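Structure first, then comments.
The values are calculated or read from the model by the stated rules, or taken from the named source; none is laboratory data. This structure is a prediction, so every number in the text was calculated from the model and none was measured. All Cβ positions, even for glycine, are placed from backbone atoms using ideal geometry, and neighbour counts span all protein chains on display.
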Amino acid sequence: IEAAVGSVEESLAGKELWAVVCNAGIASLNFIDLQPQSRVRRLFEVNTFGTLAVAAAFLPQLKQSRGRLVIVSSFLARMAVPETLAYCLTKRACLDLAIGLRRQYYGTGVHICTVEPTGYKTAFADVGTLNDAMDADLMSLPARLRALVDERFAEGFKQRAAVLYSWVIRDDPREVVDVMVLAVRDTLPKAHYRAGSARDKLFLLLLELLPTEVADLV
């Protein structure tokens, strides 16, 4: 990261840094209590601590230029989905990081916002790869935990995950790129930008409005 900071400073050649986009993400598919802690830590190292490290490294330049920090979180940051809870937690932390930094730098001219995409059809969200990782996770569990998980459970989980995948995954990741560009270039930047369908955004709004006991059933 420090090498990247130095490279950016050199390439600017006296010009000001306008924006930094923190976009780090790896996914996982499994109930969090059936995942090795090494898997969960890896997600936090990349998704959360990687984002924090980049933000902290570039904020001094952004303070000088009164520039913009864009943190890529996720649609799932606002939904604690059991089948991919570890990922949700890492992206919720990114969301709260952006909110906290935005309040910290309020009035300084530094703008901090999030981009929150739904799922898109990329290698990042390949179900086959995620299923293989889940199988490896289950095999690496201690025997007492592995005994609780049979093939029927694993297949049922994968079927539910496939339904979730088909519901949220969109085809064109350029939608996210367009939203990132908007977040960087908007004259009056918003706190949060979302990439996804109108249905996705409506569903999220309903979850936020419903009583918790009802939302838990969705």
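Here A86 does not qualify as out of contact with any Lys or Arg (no Cβ under 8 Å at 6 or more places or on another chain) and either within 20 Å of A191 (Cα to Cα) or touching a residue at least 12 places away in the same chain (Cβ under 8 Å) (or both). Residues that are touching a helix residue (DSSP H, G or I) at 6+ places or on another chain (Cβ under 6 Å) and surrounded by 11 or more Cβ atoms within 10 Å (Cβ to Cβ) number at least 1 in the following helices (runs of 4 or more DSSP H) confined to the range 130-187: 151-168.
Within this structure, C113 fails the test of being on the phi < 0 side of the Ramachandran plot, modelled with pLDDT of 90 or more and not in a strand (DSSP E or B).
Number of residues in the range 190-218 that are in contact with a helix residue (DSSP H, G or I) (Cβ under 7 Å, 6 or more places away or on another chain) and surrounded by 17 or more Cβ atoms within 10 Å (Cβ to Cβ): the value is 6.
Name the one entry in A154, A123 that is within 24 Å of D33 (Cα to Cα) and modelled with pLDDT under 85. From the options A154, A123, the qualifying one is A154.
The set of residues from the range 58-111 being within 12 Å of the chain's Cα centre (by Cα) and within 25 Å of E10 (Cα to Cα) comprises just one member, I71. Taking the criterion of being under 23 Å from A161 (Cβ atoms), among the aliphatic types (A, V, I, L, M) and crowded, with 20+ Cβ neighbours inside 10 Å, the only residue of the range 86-109 that qualifies is A86.
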